[in-house]
Amino acid sequence: MPELPEVETVCRTLREPLVGRTISAAVVTWPRTVEPLDPGDFTARVSDATVDAIERRAKLIVARLSTGDTLTTHLRMTGKLLYTRHGATPPEEPERHLRIAYELDNLDMLEFFDARKFGRVRLHTAEEWDDVSASYGPEPLDPDFTSDWLYQRLRATTRQIKPLLLDQKFIAGIGNIYADEALFLARIHPLKPANTISRRKAEALHQAIVSVLSQAIANAGTTLRDYRSGSGAIGMNKPNLNVYGAPPGTPCPRCGARLKRLVVGQRGTTICPRCQRLR
Ligand SMILES: [Zn+2]
């Protein structure tokens, strides 16, 4: 599933072509994608709206519209939000995976493809959006996410560290890939209760989170299978992953011990049993 760096990359690739454009028409071909609105209400509310800004919040692609509405796209498993210039070759996606097509005032197209149909596109009023945004934890690349903030928040809970990092209310945008990578870099076992993590380890974790996310953004995200940027490009960060997706038994890139696979909160998790000890 796309995480913060992938969604950030989509936002960056869509910003230049999309900001300032007006949506002249929209077609919803899979009604559940826009629930709870019905397709007619959705298309009526986005038609003739100008895109004032493209932002990211957590794993949401956020389009601020001139109507005051905020249009959010959550890619979930297989969603792709692809921009095609008028006259350019259309995306190499099966037509049957198209869920929403937006036509823009310059005849360019923005299309949401989603093979598995878990992706969600929502329209929020200004007030609704404030509530949605406030329901997420801090952005890990914002200045207010500091190692001291992290340490204080870890001290306050006995929850296991990996499920805590995946909790979007605790911190925004981290998923399975970057949680495993950050815990590996910081040498923290994913099952460790948060309140038993020392200040020194919390500092290492803070640094690891910022570093894995920044590196992935610099490489336009990690494509394992489905993820594409807004221009259809694959992400180049996969070679930088240390543990995520490595088959059990692969040597640890740091110490050479054999990597191990665990299930933590129903999520597959790869660790080095020597570097990441539970004690
Ligand atoms: Zn190791």
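Bear in mind that the values in this text are calculations on the coordinates, not laboratory data. These numbers were taken from a predicted model, which means no experiment stands behind them. Don't worry about glycine lacking a Cβ; one is built from the backbone with ideal geometry, like all the others, and counts go over all protein chains shown.
Normalised by the residues of the chain, what does the relative contact order come to in percent, with Cα pairs under 8 Å and at least six apart?
The normalised contact order for the chain reaches 19 percent.
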Note, the stretch 262-267: 3J(HN,Hα) by Karplus (6.51, -1.76, 1.60, θ = phi - 60°), whole Hz, Gly/Pro = x, goes 10, 10, 10, x, 6, 10
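Can you list which of the DSSP-assigned H helices in the chain have a Cα extent of 20 Å or more along the long axis and an average Kyte-Doolittle score of at least -1.0? Before the final figure, lay out each step's value.
Working: long enough: 4-18 (21 Å, -0.12); 199-218 (28 Å, 0.29).
Qualifying helices, which must be both long enough and hydrophobic enough, are 4-18, 199-218.
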Once the in-chain neighbours fewer than 8 apart are removed, the lysines whose Cα is under 23 Å from Lys169 read Lys59, Lys192, Lys201
Rounded to the nearest 500, the 222 nm mean residue ellipticity computed for the chain from DSSP H runs (n ≥ 4, each -39500 (n - 2.57)) alone is -8500 deg cm²/dmol
Amide H neighbours of Leu259 at under 5 Å, excluding residues fewer than 5 places away on the same chain, with H built from the backbone geometry, are Gly249, Thr250, Cys252
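Looking at the stretch 99-163, which trypsin sites (Lys or Arg not before Pro) are DSSP coil and have at most 13 other C-beta atoms within 10 Å of their C-beta?
Values: sites: Arg99, Arg116, Lys117, Arg120, Arg122, Arg153, Arg155, Arg159; in loops: Arg116, Lys117, Arg159.
Within the stretch 99-163, the qualifying trypsin sites (Lys or Arg not before Pro) (loop, at most 13 other Cβ atoms within 10 Å) are Arg116.
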Of the residues Leu166, Ala88, Pro5, the Cα lying farthest along the dipole of the chain towards its positive end, which is defined by charges on the beta carbon of Lys, Arg, Asp and Glu, belongs to Leu166
Here, the stretch 4-134 modelled as identical Cα point scatterers in vacuum has Debye log10 I(q)/I(0) at q = 0.19 Å⁻¹ of -1.12
Rounded to two decimals, the Rg over Rh value of the chain from Cα coordinates and the Kirkwood Rh reads 1.01
Cα-based Rg and Dmax for the stretch 147-271, in Å, come out at 14.6, 44
